[in-house]
Amino acid sequence: GPKVLQIPSHQIIDMGQMVTLNCDPVSNHLYFYWYKQILGQQMEFLVNFYNGKVMEKSKLFKDQFSVERPDGSYFTLKIQPTALEDSAVYFCASSLEDTQYFGPGTRLLVL
Amino acid sequence: GEKVEQHESTLSVREGDSAVINCTYTDTASSYFPWYKQEAGKSLHFVIDIRSNVDRKQSQRLIVLLDKKAKRFSLHITATQPEDSAIYFCAAEVASSSFSKLVFGQGTSLSVVP
């Protein structure tokens, strides 16, 4: 099926630093998403993005979070500054209509 | 907001038997219900979905049933094989949102024992 790529697969950083998670969505998809999964818990919606804009964000999408997709390149999630509770696996997804296709996730560990 | 409950956290079946995973949702307006499979250390892989205009959908060994009255949907895997072992997540699309947003269940870890 359609493939979504995420870079890096793992990232370890110190609390307070900035991190950027990169997503390469399916090429003809129009809608982009970030989800967060803490170990052993269910996946939770963070934000969706369409036509260069955030359409909806959850309460998990703190002020320290931002997303963008400059000039059709990577769809990025930036966290600045990071906090310990940001440690999780972050999944990117993209869709043309309903069906969302997920990337392999970035495992973020904040120390 | 929408809540999705996945009733079985773990499920073990013998190879060749059927496995059934049940989910319930709270928002009567939800109309799209996908299922994803996650193997250890890998991403979510879309397996099948159902929309509210039907109550049954089949794709090879996978059958999804939807009971809108009970706000319940289920995934049936027939003739299970060891490679079906994985965590399965159900999800519901939030209807109130202008744009798609999925609410996931907690996941069911399925083990198919030879």
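The values are calculated or read from the model by the stated rules, or taken from the named source; none is laboratory data. Only a predicted model underlies this, so the values are computations on that prediction, with no experimental measurement involved. No Cβ is skipped: glycine too gets one built from the backbone with ideal geometry, and neighbour counts run over all protein chains shown. Only protein heavy atoms, including side chains, enter the accessible area calculation; ligands, DNA and RNA are left aside. Shrake-Rupley method; radii C 1.70, N 1.55, O 1.52, S 1.80 Å.
Just give me a number: lysine pairs in region B:16-114, eight or more positions apart or cross-chain, with C-alpha atoms less than 21 Å apart. Counting lysine pairs in region B:16-114 gives 7. Taking both sides together, the accessible area buried where A meets B is about 1800 Å² for a 1.4 Å probe. Cβ-Cβ distance of B:K42 and B:K69, R₀ of 41 Å, FRET efficiency by 1/(1 + (r/R0)^6): the value works out to about 0.70.
Per residue, the accessible area of the protein assembly as shown comes to 49 Å² when a 1.4 Å probe rolls over the protein heavy atoms. Placing +1 on the Cβ of every Lys and Arg and -1 on the Cβ of every Asp and Glu, with no other charges, gives chain A a dipole of roughly 40 debye about its Cα centre.
Heavy-atom surface analysis with a 1.4 Å probe gives the protein assembly as shown a carbon and sulfur content of 50 percent of its accessible area. Taking 0.36 nm per residue of separation and subtracting the Cα-Cα distance, full extension of the segment from A:Q80 to A:K62 would add 5.5 nm. The 3J(HN,Hα) values that the Karplus relation (6.51, -1.76, 1.60; θ = phi - 60°) gives for region A:12-23 are, in residue order, 10, 9, 7, 3, x, 7, 9, 9, 10, 9, 10, 10 Hz. Gly and Pro appear as x. Between B:S18 and A:V54, the distance separating the two model label sites (each 7 Å from Cα on the Cα→Cβ line) works out to 4.6 nm.
Tell me, in nm to one decimal, what length is gained between B:F99 and B:D55 on full extension, where the rule is 0.36 nm per residue of separation less the Cα-Cα distance? Extending this stretch completely gives an extra 13.5 nm.
Distance between the 7 Å Cα→Cβ label points at A:R69 and A:I38: 2.9 nm.
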